[in-house]
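Input: a single structure, listed below in structure tokens.
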Amino acid sequence: MRAEEVPTADEVDLVSQQVSVPFPDDYREFLLRYGGATVGAYPVFGLRVSDVMDHDRWALIDVTNEVRQSGVDGVSDWVIFSEDHSGNPIGMDADGKVWIFDHDFGGVTELASGFENYIRTQCLRI
């Protein structure tokens, strides 16, 4: 389930600069192809909203800024691009590694070596 419109390359580059995290090629390509989407049961925040996403919680930059401002330890250098069903933020660091902050135990755990790996193993379970 993807957004009907997609962003331009300039828009994607601008958001990457605004969150101060370089987007890996696979995530950048995802944004350019889909804008934002739901993959499996998980939202993948982007620059456009898809019909099945929460219309108040879909914009990559807004969610990233919200999580950073909440004071959650360990996420200030991430771009938040998803969350699990408990509302735990899922983000990428500058090296492209995918992490989750678990509110229950109060710490971070690496989920995947990169965005594509996250999509395959966590969202699609392949």
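Here are Glu83, Glu66, Glu11: which of them is of a type outside the set (Ser, Thr, Tyr) and crowded, with 17+ Cβ neighbours inside 10 Å?
Sole residue among the options that is of a type outside the set (Ser, Thr, Tyr) and crowded, with 17+ Cβ neighbours inside 10 Å: Glu83.
Among the residues in the range 18-26, are any over 13 Å from the mean Cα position of the chain (by Cα) and among the aliphatic types (A, V, I, L, M)?
Scanning the range 18-26 turns up no residue that is over 13 Å from the mean Cα position of the chain (by Cα) and among the aliphatic types (A, V, I, L, M).
I need the full set of residues from the range 1-56 which are in a strand (DSSP E or B) and either under 18 Å from His85 (Cβ atoms) or at pLDDT below 90 (or both), in order please.
Arg2, Ala37, Thr38, Val39, Tyr42, Pro43, Val44 - these are the residues of the range 1-56 that are in a strand (DSSP E or B) and either under 18 Å from His85 (Cβ atoms) or at pLDDT below 90 (or both).
Go through the range 40-79 and report how many residues are closer than 26 Å to Glu5 by Cα, touching a residue at least 24 places away in the same chain (Cβ under 8 Å) and either among the small types (Gly, Ala, Ser) or touching a His at 6+ places or on another chain (Cβ under 7 Å) (or both).
5
Does Leu47 fit the bill of being farther than 20 Å from Val12 by Cβ and either among the aromatic types (Phe, Trp, Tyr) or buried (at least 17 other Cβ atoms within 10 Å of the Cβ) (or both)?
no
The values are calculated or read from the model by the stated rules, or taken from the named source; none is laboratory data. Being a predicted model, the structure only gives us computed values, none of them experimental. Reconstructed Cβ throughout: ideal geometry from the backbone, glycine too, with neighbour counts over all protein chains shown.
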